[in-house]
Amino acid sequence: MRYLEENAAAASIHLTTDEQQQLEAATASLPVIGERYTPEGMKGVNA
């Protein structure tokens, strides 16, 4: 509940195509390491 209003407000943000491209370029080189969920957690994802 602490950040509910802040998180809800994020849904109304609109990025320009240029801003989207800048974000994609900035994050494209970041490494993805490890699994997102544990094997136990994956059981709930595809349930």
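Every number in this text was worked out from the coordinates using simple rules, so none of it is lab data. Not measured: the values here are computed from a predicted model. Cβ coordinates were reconstructed from backbone atoms using ideal geometry, including for glycine residues, and neighbour counts include every protein chain displayed.
Summary table below
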item	result
Local electrostatic count at L30 - Lys and Arg +1, Asp and Glu -1, tallied over other residues with Cβ under 15 Å	0
MRE, 222 nm, helices only [DSSP H, n ≥ 4, -39500 (n - 2.57), over the chain, to nearest 500]	-15500 deg cm²/dmol
